[in-house]
Amino acid sequence: MNEPKMLAGLNQNDYNYPLVDVSHLSEDEKKNLLRRGMHIPKELHSDEEFEQWVTVFSEWNTYSHSDGHKPTEEERNFEKMMTASYERGLWYHRKRFSEWKKEHLQPLIDELVEHAAHDPQYDWQFLYELEYAKLRCMRAYFSHSLIADENGDFGFNRWIDTCISLLQYIKDDDLQISQEQITQMNIRNVGDIVPSTLVDAYEEAPAPSDEEDGLPDKRYYGKKIYVRKMERLYYRIRLYKMREWWE
């Protein structure tokens, strides 16, 4: 089984500063603060109130010791700081993410919704447009999620980037494929994804030329084969790699 993804986005080492003083709060105020901060999402209204909650929560969140060991003051302070740095990491990450989402992720989500609501929904290109838009949303989201490091690396960048790149070609049905790509294409392993008549037509077709005689050339047939090869690679990545994205 794969190891769980590290929550790199917490950056807990950045939040080891001292707890704030809450001695001015009454016991009822502390209980009310603790309750509101335990909600998901937290019912706290400012960073100042959150920092007060962290102090109260770290004092309340005691750890049991099954071996009967009574923690020392140094151990308790260490536990409190570990709790505080973790909660601070979550709070400030979500705050930054909320601001980033409005400017960068929401436009991609709106584009996805636009495709789903208004594109003609009767062919395979519609489905690929949706998948392309969805993967772009996912790519943006993961790069700023808790599992991403400071460089935006979240562990499976390669696979999702490859899928997005393939879909750019697939969804447009060969419009972006160059002559160089066609020239370098291997057609020995395409018998299971395209008709043999298409392969024969490709091999027998004349080389592309600048003369417009209206007849299909090698580029015309080659692009059709190339798109199918891209589709096969896309689905292989999804079959063998997509589940690992979240594990």
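The values are calculated or read from the model by the stated rules, or taken from the named source; none is laboratory data. Owing to the predicted nature of the structure, the values given are computational and were not obtained by experimental measurement. Every residue, glycine among them, receives a Cβ derived from its backbone with ideal geometry; neighbour counts consider all protein chains shown.
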How about the stretch 145-247: which helices (runs of 4 or more DSSP H) wholly inside it have at least 3 residues that are in contact with a Lys or Arg (Cβ under 8 Å, 6 or more places away or on another chain)? 157-170
Any residue at all in the stretch 99-108 that is in a loop (DSSP other than H, G, I, E, B) and more than 25 Å from residue 7 (Cβ to Cβ)? no
What residue, among those in the stretch 146-166 that are over 12 Å from the mean Cα position of the chain (by Cα) and under 13 Å from residue 93 (Cα atoms), is surrounded by the fewest Cβ atoms within 10 Å (Cβ to Cβ)? 150
Among the residues of the stretch 16-53, what is the count of those that are within 29 Å of residue 152 (Cα to Cα), surrounded by 11 or more Cβ atoms within 10 Å (Cβ to Cβ) and either charged (D, E, K, R) or in contact with a Pro (Cβ under 6 Å, 6 or more places away or on another chain) (or both)? 3
Given (1) touching a Ser or Thr at 6+ places or on another chain (Cβ under 8 Å); (2) without any contact (Cβ under 8 Å) to a residue 24 or more places away in the chain; (3) buried (at least 16 other Cβ atoms within 10 Å of the Cβ); (4) not acidic (Asp, Glu), index of the condition residue 143 fails: (1)
Extreme residue, farthest from residue 133 (Cα to Cα), among residues of the stretch 170-191 that are of a type outside the set (A, V, I, L, M, F, W, C) and touching a Phe, Trp or Tyr at 6+ places or on another chain (Cβ under 8 Å): 181
For the stretch 8-15, check the following and say yes or no: at least one residue is part of a loop (DSSP other than H, G, I, E, B), in contact with a Ser or Thr (Cβ under 6 Å, 6 or more places away or on another chain), surrounded by 12 or more Cβ atoms within 10 Å (Cβ to Cβ) and modelled with pLDDT under 90. no
So which residues in the stretch 6-30 are free of Cβ contacts under 8 Å to residues at least 24 places away in the same chain and under 30 Å from residue 147 (Cα atoms), if there are any at all? 17, 18
Just to check your reading of the model, which residue among 121, 125 is over 23 Å from residue 10 (Cα atoms), touching a residue at least 40 places away in the same chain (Cβ under 8 Å) and surrounded by fewer than 17 Cβ atoms within 10 Å (Cβ to Cβ)? 125
Looking only at the stretch 167-180, count how many residues are exposed (fewer than 15 other Cβ atoms within 10 Å of the Cβ) and touching a residue at least 40 places away in the same chain (Cβ under 8 Å). 1
